[in-house]
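The values are calculated or read from the model by the stated rules, or taken from the named source; none is laboratory data. None of the values given here were measured: they were computed from a predicted structure. Cβ: placed from backbone, ideal geometry, glycine included. Neighbour counts: every protein chain shown.
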Amino acid sequence: MSAPLLEARGISKRFGGVQALREVSLSIRAGEVYGLIGPNGAGKTSFFNVLTGLYSADQGEVRFDGQPLPLGVPHRIAGLGIARTFQNIRLFGAMSALENVMVGRHIRLHTGVLGAILRTPAARREEADTEARAHALLRYVGIDRLANQQATHLSYGDQRRLEIARALATEPRLLALDEPAAGMNATETAGLRALIEKLRGDGMTVLLIEHDVKLVMGLCDRVAVLDYGEKIAEDVPDVVRRDPRVIAAYLGREAADA
Ligand SMILES: Nc1ncnc2c1ncn2[C@@H]1O[C@H](COP(=O)(O)OP(=O)(O)OP(=O)(O)O)[C@@H](O)[C@H]1O
């Protein structure tokens, strides 16, 4: 069993009168695909937002590769190696697919703004390298043929792939996907599953929030279930889908038999 890459301990978060997270602890092992599911309003996105730095936590801590994460400071968390996609696709619509990925890459550049303005040889080399890497990432997610298309002109499924390519451009060690299959048709969902399996095959650790229970149960190594901000289960899919608390809170009998 591999060591945890990410360990959250006792994370609590309140919004006014709503306790969105109640002492949630979980650990994600290096190289696994970890699913986070639960009914609407269970706290999945809040937890995601804490992990990726958008929210600070009222209580608790998260360790990433043994180091405490600076919760509430998204750019530092990205720099430490956690990248995310959003429930509502957030691409730079007017830019090409290639440019969207190149923007993601900028977090890892060294020559800085001045080098770019002065067009120093080092900055030019870095830019050429960035472009080559962006093409490689587009190829990896299967949309390099669309590199020069404006992001908004891509199909929904391809926009999701582009978001993943942009997140990968930051060279993450943990890729957090917030409902990547939302709004996808069956073919697109099958393609997404194949892409996540390829990522796992290449050693990426993936955290997946998803409403498509079939996708989660078929794909994830382990699954945690949130309900009213509390973690009510965490195990391999076969155990989680038979857990009476999970069935009562979320899955219902139908999904338990899926
Ligand atoms: N920024 C916020 N301000 C106020 N309340 C919030 C905020 N974010 C989340 N909440 C509340 O916290 C609770 C948990 O919401 P959250 O979005 O984390 O759940 P979720 O499991 O992701 O739901 P969904 O599946 O619908 O996306 C909800 O009651 C929600 O209204």
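Just to be sure before I move on: is residue 71 in contact with a Phe, Trp or Tyr (Cβ under 8 Å, 6 or more places away or on another chain) and surrounded by 21 or more Cβ atoms within 10 Å (Cβ to Cβ) in the structure I sent? Against the criterion (in contact with a Phe, Trp or Tyr (Cβ under 8 Å, 6 or more places away or on another chain) and surrounded by 21 or more Cβ atoms within 10 Å (Cβ to Cβ)), residue 71 qualifies.
The residue that is nearest to the ligand (Cβ to nearest atom), among those in the stretch 12-21 that are under 8 Å from residue 229 (Cα atoms) and in contact with a Ser or Thr (Cβ under 6 Å, 6 or more places away or on another chain), is 20.
For the stretch 131-150, the set of residues classified as assigned to a helix (DSSP H, G or I) and either closer than 15 Å to residue 163 by Cβ or among the charged types (D, E, K, R) (or both) consists of 131, 133, 134, 137, 138, 139, 140, 141, 144, 145, 146, listed by residue number. The numbered conditions (1) buried (at least 16 other Cβ atoms within 10 Å of the Cβ); (2) within 11 Å of the ligand (Cβ to nearest atom); (3) at positive phi are all true for residue 54 except (3). In summary, residue 213 fulfils each of the numbered conditions (1) in contact with a Phe, Trp or Tyr (Cβ under 9 Å, 6 or more places away or on another chain); (2) more than 30 Å from residue 29 (Cβ to Cβ) with the single exception of condition (2). Taken together, the residues in the stretch 166-183 that are among the basic types (Lys, Arg) and either under 22 Å from residue 215 (Cα atoms) or under 8 Å from the mean Cα position of the chain (by Cα) (or both) amount to 0. Cβ-Cβ distances below 6 Å connect the following pairs, each with a first residue in the stretch 80-95 that is in contact (Cβ under 8 Å) with a residue 12 or more places away in the chain, a second residue that is of a type in the set (Ser, Thr, Tyr), and a separation of six or more residues or different chains: 82/52; 83/170; 84/52; 93/152.
For residue 83, the criteria (1) in a strand (DSSP E or B); (2) surrounded by fewer than 18 Cβ atoms within 10 Å (Cβ to Cβ) hold in every case but one, which is (2).
Only residues that are of a type outside the set (D, E, K, R), farther than 29 Å from residue 17 by Cα and over 15 Å from the mean Cα position of the chain (by Cα): list them for the stretch 216-238, please. Within the stretch 216-238, 217, 218, 236, 237 qualify. One residue alone among 33, 73 is over 23 Å from residue 105 (Cα atoms), in the same structural domain as residue 241 (by the TED database) and of a type outside the set (Lys, Arg), and that residue is 33.
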